[in-house]
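Working notes for the structure below.
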Amino acid sequence: MYSKIYRSVIFPLAEFSQGTHILKTLELLEDSQWRTPDEIRAFQESRLRELIQHSYTNVPYYRSTFDRLGLKPADINSVEDLQKLPVLTKDIIRREFPDNITAQDTPRKRLTLCHSGGSTGEPLPYYQDRQAISWRFACLFRFWRWAGYELGKRWIRLDLIAHDTPAQKMMDALGRCKFFRLSRMNQDTLRLGVEKIRKYKPQLIRGYASQVFLLAKYLKDNHITDIEPASIITTGDMLFPHYRQLIEEQFHCAVFDNYGGNSIVISSQCEWGTHHIAAENIVLEFVKDDRPVKPAEAGTVLVTDLSNYGMPFIRFRIGDLARPSQEKCKCGRGLPVMSSVVGRDTDIVVTPDGNYLVAYFFGHIFESMMSVDQFQVVQEAEDEIEVKIVKNNKFSNQDARYIEDAIRQGAGERLKIRLNFVKDIPVPRSGKIRLVISEIGKRHFAPAEQD
């Protein structure tokens, strides 16, 4: 009953106050997912043409890029035509932000400022408009429904940051969300998390894959068998096979993995375990050496957000490698699919005090630091980490103290923190810089070798 009231009364009132149209967009997406691939492609390319025209007319960066290449908006009619445009990188965004890459027809006060640390450790500021926020949450909620979740049902969110403002607390209460901060993970905090889950009995648990994995490991180590949500949604970092196996065994439910970045919802698994792409709202490219890859071949992910007119992302290099697929899923949805995100085990720093620091713990520390261009955390000894930092002229001694204090809050007192200021962080052959390299975490959590 509450779920119906929440969806028909409470949520619409919240949308009216925020100027969004999430439920209306969700209704559209619930219908469009069953369209044929050709129909979805036609809708996608129609939105793409509108975005291109808007970007040329209103965004200085794109107008100058088109003019420099001798292109007109009419030259971009299809997904394939996007290859005529250059890749948008984080360096370009930082260089052009904010004036040259935001739309001149959108007042700045109508944009929401966001920051992303991302899995590559490169802090990035960007804006989102109300339309982008509406489509983002609509795509997200559609994916959650695949996992069996309905708005207004009880759920627990595991995260690294606190929801402590009055507005956040009110929305969490109305949405029946228990927000559990796990910035410091050790046996005590994991125990508290399990107690909160047991008491609240949520239908859904959502968190970073590494966080949920550590919770599952705690359940196994302590022989706890009575935690049974209807489903679990993982996000943020890689869901490796040994993560999934342990989580499903200990929580007695299916895991649905979501993939996205920079507030762009990209794909999620359906009930058959297939990763479907939110093609009504994005264009996803997989490229290698400036050419599209073959099916099942790993390529650099480029994403075009079809909704964010306030600050368009066109062919944005998100920093991941993934494989496309021509598979047709048994679920019957017409949405395109992707095979997998190519990654490595997102390393977990293990501290002498018994705390676990997942990669996004560090990403949250650095994501809004405009004085840091790039960073990387390396752990080769149990009692020490090296934090490599590419700083700029805004960096101060106060920033150094902030970094050490913020890490100390999660790590405990016995971990040595060594800041190492470097000119650059070399890019590995994979093309993606690892945020955390932890030999200790690798040994601690790697699956046992099979005979």
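A few comments on the model shown:
- For the stretch 14-82, applying the loop criterion from DSSP together with a ceiling of 14 other beta carbons within 10 Å to the chymotrypsin sites (Phe, Trp or Tyr not before Pro) yields TRP34.
- Normalised by the number of residues in the chain, the mean separation of alpha-carbon contacts (under 8 Å, six or more apart) gives a relative contact order of 17 percent.
- For the stretch 215-227, Karplus couplings with θ = phi - 60° (6.51, -1.76, 1.60), whole Hz, Gly/Pro x: 5, 4, 5, 5, 4, 5, 5, 10, 6, 9, 10, 9, 9
- The spread of Cα positions in the stretch 349-442, taken along each principal axis and listed from longest to shortest, comes to 35, 35, 19 Å.
- Net charge contributed by nearby residues that have their C-beta within less than 13 Å of MET185 (K/R +1, D/E -1): +1
- Percent of beta bridges antiparallel (DSSP, the chain, rounded to nearest 5): 60 percent
- Neighbours of HIS252, meaning other residues whose beta-carbon lies under 11 angstrom from its beta-carbon, give a summed charge of -4 when Lys and Arg score +1 and Asp and Glu score -1.
- Computed E for ASP75/ASN100 - FRET, C-beta separation, R0 22 angstrom, nearest 0.05: 0.55
- Take the Cα of PHE16, step 7 Å toward its Cβ, do the same at GLU404, and the gap between the two points is 5.4 nm.
- Put a dot 7 Å past the Cα of ARG198, heading toward its Cβ, do the same for ASP226, and the two dots end up 0.6 nm apart.
- Across the stretch 56-143, C-alpha contacts under 8 Å between residues 6 or more apart give a mean separation that, scaled by the residue count, equals a relative contact order of 25 percent.
- Measuring gaps between exposed loop sites in the chain (GluC sites (Glu not before Pro); DSSP loop; at most 16 other Cβ atoms within 10 Å), the longest gap, sites not included, is 1-149.
- From its DSSP helices (H runs of at least four residues, each -39,500 (n - 2.57)), the chain gives a residue-normalised ellipticity at 222 nm of -10500 deg cm²/dmol.
Since every read-out is calculated from the coordinates, none of them should be taken as a lab result. Keep in mind the model is a prediction, meaning the values are calculated, not measured. In this analysis, Cβ positions are derived from the backbone assuming ideal geometry, glycine residues included, and neighbour counts consider all displayed protein chains.
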